[in-house]
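**Student:** Questions regarding the structure given below will be posed in turn.
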Amino acid sequence: MGCAHGKCCGRYPKSSNEGSGEFHEVGPFGKHVLTERSIECVPVPSHNFRLEYSVLTQRGYYPDSPDKENQDSFCIKTQLRGNANVHFFGVFDGHGQFGTQCANFVRDRLVEALLEEPSLLDDPVKAYNSAFLRTNQELHESGIDDSMSGTTAITVLVVEDKIFVANVGDSRAVIAVQAGDKVLAEDLSCDQTPFRRDEYERVKACGARVLSVDQVEGLKDPDIQSWGDEESQGNDPPRLWVQNGMYPGTAFTRSIGDSIAEKIGVVADPEVSVFQLRSDHLFFVVASDGVFEFLSSQAVVNMVISLVHIKK
């Protein structure tokens, strides 16, 4: 799991990538190492607020693979181009045999590609699109075998009092909104999976077979092209397969890397959304599907609320 947490205004959980202290948690399948990053803070002087942030990363529970590594990575870059009002947060969820290498490559390269875009401050959406596609091509050419490996990417670019959220894959960003005496979760991104009708139709048009594992193995009717919704589906989601093979089996429709899956419609084009920050926005959370596969957006916001004192 990976999580980058920003609070507009604490205490928050240094990273496995930038190690500081470690502590251990005993879970249902044994001991797991968490890495703690103390809270850090940067001012956003253009609108007179502070951005507090921290990171917590934890390997998921794999009872059948106790030595499986945490393939998540993250990147935090503050004051981009020396501008005190521009800050970047990203979480990258690697997958496949070389998923860790893919996630680390994108962690290092994506923000650099973004910084190299002339339109970064004038047109962040354009800069984001170019940076994602460029990073994807560079990963293909990097020497890392990304034929069946890659990474998702969920990123937030803070520019003064706006946030630009760029998403490729099924990780997610959510923001907490104060609504009276309640704090509500509002999604800042939309998971890119075959559950989405638009994404389903797009990859089908590119030649993908969309089937759950049970359908591929003949346990369920492959002609039934309906899987309910992501919240209720459980552990057998629809996946993408080539026409005459049982690969790659991706449960997402966009990623960076995955050169074989590109042939059946998996693309690195990000969906970019723009949000105006308001006084009722308390914090945002950026996390991999290692979190959101098991917890709803509201549950994640509630968890943060229970762990931290939010100034109202």
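**Student:** Count, please, the residues in the range 173-219 that happen to be β-branched (Val, Ile, Thr) and under 27 Å from Val285 (Cβ atoms). Full working, then the answer.
**Tutor:** The initial filter retains those residues of the range 173-219 that are β-branched (Val, Ile, Thr), namely 174-175, 177, 183, 193, 203, 210, 213, 216.
Right, trim to under 27 Å from Val285 (Cβ atoms) and you get 174-175, 177, 183, 193.
Final tally of qualifying residues: 5.
**Student:** Quick one: what pairs do we get from the range 154-169, first residue buried (at least 24 other Cβ atoms within 10 Å of the Cβ), second of a type in the set (Gly, Ala, Ser) and in a strand (DSSP E or B), C-beta under 6 Å, 6+ apart or different chains?
**Tutor:** Partner pairs satisfying both residue conditions: Ile154/Ala173; Thr155/Gly90; Thr155/Ala166; Val156/Ala173; Val165/Ala173; Val165/Ser273; Val168/Ala153.
**Student:** How about the range 183-215: which of its residues are acidic (Asp, Glu) and under 21 Å from the mean Cα position of the chain (by Cα)? Break it down stepwise before answering.
**Tutor:** Filtering the range 183-215 for residues acidic (Asp, Glu) gives 186-187, 191, 198-199, 201, 214.
Correct list: Glu186, Asp187, Asp191, Asp198, Glu199.
**Student:** Select from the range 22-59 the residues that are surrounded by 14 or more Cβ atoms within 10 Å (Cβ to Cβ) and polar (S, T, N, Q) and write down the one among them that is modelled with the lowest pLDDT.
**Tutor:** Looking at the filtered set, the residue picked out is Thr35.
**Student:** Now a separate question. Filter the range 236-260 for residues that are assigned to a loop (DSSP other than H, G, I, E, B) and under 16 Å from Asp191 (Cβ atoms) and give the result. Steps first, answer last, please.
**Tutor:** First pass over the range 236-260, keeping only residues assigned to a loop (DSSP other than H, G, I, E, B): 236-238, 242-247, 251-253, 255, 258.
If the condition is that a residue be assigned to a loop (DSSP other than H, G, I, E, B) and under 16 Å from Asp191 (Cβ atoms), then Pro237, Pro238, Ala251, Phe252, Thr253, Ser255 are the ones that fit.
**Student:** Yes or no: Lys220 of a type in the set (Lys, Arg) and more than 21 Å from the chain's Cα centre (by Cα)?
**Tutor:** Numbers: of a type in the set (Lys, Arg): yes; more than 21 Å from the chain's Cα centre (by Cα): yes.
So Lys220 passes the test.
**Student:** If the requirement is being over 22 Å from Thr250 (Cβ atoms) and either surrounded by 13 or more Cβ atoms within 10 Å (Cβ to Cβ) or modelled with pLDDT under 95 (or both), which of these qualifies: Asn70, Asn83, Asn104?
**Tutor:** On the way: Asn70 fails: over 22 Å from Thr250 (Cβ atoms); Asn104 fails: over 22 Å from Thr250 (Cβ atoms).
Asn83 is the lone residue from the list that is over 22 Å from Thr250 (Cβ atoms) and either surrounded by 13 or more Cβ atoms within 10 Å (Cβ to Cβ) or modelled with pLDDT under 95 (or both).
**Student:** Given the structure, is Ile154 in the same structural domain as Val86 (by TED's automatic domain parsing), among the β-branched types (Val, Ile, Thr), at negative phi and in a strand (DSSP E or B)?
**Tutor:** Numbers: in the same structural domain as Val86 (by TED's automatic domain parsing): yes; among the β-branched types (Val, Ile, Thr): yes; at negative phi: yes; in a strand (DSSP E or B): yes.
Considered against the rule, which asks whether it is in the same structural domain as Val86 (by TED's automatic domain parsing), among the β-branched types (Val, Ile, Thr), at negative phi and in a strand (DSSP E or B), Ile154 comes out as yes.
**Student:** Only residues that are surrounded by fewer than 24 Cβ atoms within 10 Å (Cβ to Cβ) and among the β-branched types (Val, Ile, Thr): list them for the range 175-192, please.
**Tutor:** Val177, Val183
**Student:** Follow-up question, since we're still on this one. I want to confirm something. Restricting to the range 272-288 and keeping residues that are more than 20 Å from Val300 (Cβ to Cβ) and touching a strand residue (DSSP E or B) at 6+ places or on another chain (Cβ under 7 Å), which single residue is surrounded by the most Cβ atoms within 10 Å (Cβ to Cβ)?
**Tutor:** For the range 272-288, the residue satisfying everything is Val272.
The values are calculated or read from the model by the stated rules, or taken from the named source; none is laboratory data. All figures in this text were calculated on a predicted structure; none of them were measured in a lab. Here Cβ is always computed from backbone atoms with ideal geometry, including for glycine, and neighbour counts include all displayed protein chains.
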